[in-house]
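A.B. asks: Mind looking over this structure? Questions follow.
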Amino acid sequence: MGAGSPMRAVLWGAAALLLATIFLAPIFGFGRCLDSPDPEKSFCESYTASYAGLRVDIGPWAVVSAVIVVVTVVVAVRRHRRRRAERAASA
(Lines give C-alpha, C1' and ligand atoms only; values in the text may rest on other atoms or scores of the structure.)
Protein backbone atom coordinates (compact mmCIF):
# COMPACT_ATOMS: atom_id res chain seq x y z
CA MET A 1 0.00 0.00 0.00
CA GLY A 2 2.00 2.94 -1.33
CA ALA A 3 1.64 6.63 -0.73
CA GLY A 4 -0.68 7.11 -3.68
CA SER A 5 -2.70 3.91 -3.41
CA PRO A 6 -6.50 3.86 -3.60
CA MET A 7 -6.65 1.70 -0.48
CA ARG A 8 -4.87 4.35 1.55
CA ALA A 9 -7.53 6.88 0.48
CA VAL A 10 -10.24 4.46 1.60
CA LEU A 11 -8.55 3.96 4.97
CA TRP A 12 -8.27 7.72 5.51
CA GLY A 13 -11.92 8.10 4.54
CA ALA A 14 -12.94 5.38 7.00
CA ALA A 15 -10.96 7.06 9.77
CA ALA A 16 -12.57 10.43 9.00
CA LEU A 17 -16.02 8.82 8.97
CA LEU A 18 -15.33 7.21 12.35
CA LEU A 19 -14.30 10.55 13.84
CA ALA A 20 -17.36 12.26 12.36
CA THR A 21 -19.55 9.58 13.91
CA ILE A 22 -17.92 9.94 17.33
CA PHE A 23 -18.31 13.72 17.37
CA LEU A 24 -21.48 14.35 15.32
CA ALA A 25 -23.75 11.29 15.28
CA PRO A 26 -26.77 11.57 17.58
CA ILE A 27 -26.40 8.42 19.68
CA PHE A 28 -27.88 9.15 23.10
CA GLY A 29 -31.24 10.75 23.83
CA PHE A 30 -31.81 12.83 26.93
CA GLY A 31 -34.87 14.56 28.29
CA ARG A 32 -36.15 16.26 31.38
CA CYS A 33 -39.31 17.90 32.63
CA LEU A 34 -39.54 20.49 35.37
CA ASP A 35 -42.88 21.10 37.00
CA SER A 36 -43.76 24.27 38.82
CA PRO A 37 -46.81 25.38 40.77
CA ASP A 38 -47.06 28.10 38.13
CA PRO A 39 -48.00 26.28 34.89
CA GLU A 40 -46.21 28.86 32.75
CA LYS A 41 -42.89 28.00 34.39
CA SER A 42 -43.19 24.26 33.78
CA PHE A 43 -41.34 22.90 30.79
CA CYS A 44 -39.91 19.81 29.15
CA GLU A 45 -36.89 19.52 26.90
CA SER A 46 -35.16 16.74 25.03
CA TYR A 47 -32.01 16.53 22.97
CA THR A 48 -29.57 14.05 21.49
CA ALA A 49 -25.87 13.83 22.17
CA SER A 50 -22.89 12.21 20.49
CA TYR A 51 -20.36 9.82 22.02
CA ALA A 52 -18.23 12.89 22.68
CA GLY A 53 -21.06 14.43 24.72
CA LEU A 54 -21.91 17.20 22.27
CA ARG A 55 -25.53 18.18 21.70
CA VAL A 56 -26.17 17.33 18.06
CA ASP A 57 -28.81 16.78 15.40
CA ILE A 58 -28.71 14.30 12.56
CA GLY A 59 -28.38 16.98 9.84
CA PRO A 60 -24.74 18.02 10.34
CA TRP A 61 -23.62 14.41 10.77
CA ALA A 62 -25.42 13.33 7.60
CA VAL A 63 -23.91 16.20 5.57
CA VAL A 64 -20.37 15.67 6.87
CA SER A 65 -20.63 11.91 6.33
CA ALA A 66 -21.86 12.37 2.76
CA VAL A 67 -19.02 14.80 1.99
CA ILE A 68 -16.45 12.37 3.44
CA VAL A 69 -17.82 9.49 1.35
CA VAL A 70 -17.88 11.54 -1.87
CA VAL A 71 -14.35 12.89 -1.36
CA THR A 72 -13.04 9.41 -0.52
CA VAL A 73 -14.59 7.88 -3.63
CA VAL A 74 -13.29 10.66 -5.88
CA VAL A 75 -9.75 10.42 -4.48
CA ALA A 76 -9.70 6.60 -4.62
CA VAL A 77 -10.95 6.56 -8.24
CA ARG A 78 -8.37 9.17 -9.29
CA ARG A 79 -5.57 7.20 -7.66
CA HIS A 80 -6.78 3.97 -9.26
CA ARG A 81 -6.89 5.58 -12.72
CA ARG A 82 -3.44 7.14 -12.22
CA ARG A 83 -1.94 3.77 -11.24
CA ARG A 84 -3.59 2.04 -14.18
CA ALA A 85 -2.24 4.71 -16.56
CA GLU A 86 1.27 4.37 -15.08
CA ARG A 87 1.16 0.60 -15.56
CA ALA A 88 -0.03 0.95 -19.15
CA ALA A 89 2.71 3.51 -19.90
CA SER A 90 5.44 1.28 -18.48
CA ALA A 91 4.29 -1.80 -20.37
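A.B. asks: At q = 0.11, 0.18, 0.23 Å⁻¹, what base-10 log of I(q)/I(0) does the Debye formula yield for the chain when every alpha carbon is treated as an equal point scatterer in vacuo?
C.D. replies: Reported log10 I(q)/I(0), two decimals: -0.51, -0.83, -1.03.
A.B. asks: Can you give me the accessible area per residue for the range 2-44, using a 1.4 Å probe, in Å²?
C.D. replies: Working: 3100 Å² over 43 residues.
Per residue, the range 2-44 has an accessible area of 72 Å².
A.B. asks: For Thr48 and Arg82, what is the calculated FRET efficiency with R₀ set at 41 Å and r taken between the beta-carbons, to the nearest 0.05? Please list the in-between numbers first.
C.D. replies: Values: r = 41 Å, r/R0 = 1.01.
Approximately 0.50, to the nearest 0.05.
A.B. asks: Shifting gears a bit: When the helix-only estimate is applied to the chain (DSSP H runs of n ≥ 4, each -39,500 (n - 2.57), divided by the residue count), what is the mean residue ellipticity at 222 nm, nearest 500 deg cm²/dmol? Don't skip to the end; give the middle numbers.
C.D. replies: Numbers: 2 runs with 52 residues, N = 91.
That comes out to -20500 deg cm²/dmol.
The values are calculated or read from the model by the stated rules, or taken from the named source; none is laboratory data. This is a predicted model, so every value here is computed, not measured. For neighbour counting, all protein chains shown are included, and Cβ atoms are generated from backbone atoms with ideal geometry for every residue, glycine included. When the accessible area is computed, the model is the full protein with side chains, heavy atoms only, and any ligands, DNA or RNA have been set aside. Shrake-Rupley method; radii C 1.70, N 1.55, O 1.52, S 1.80 Å.
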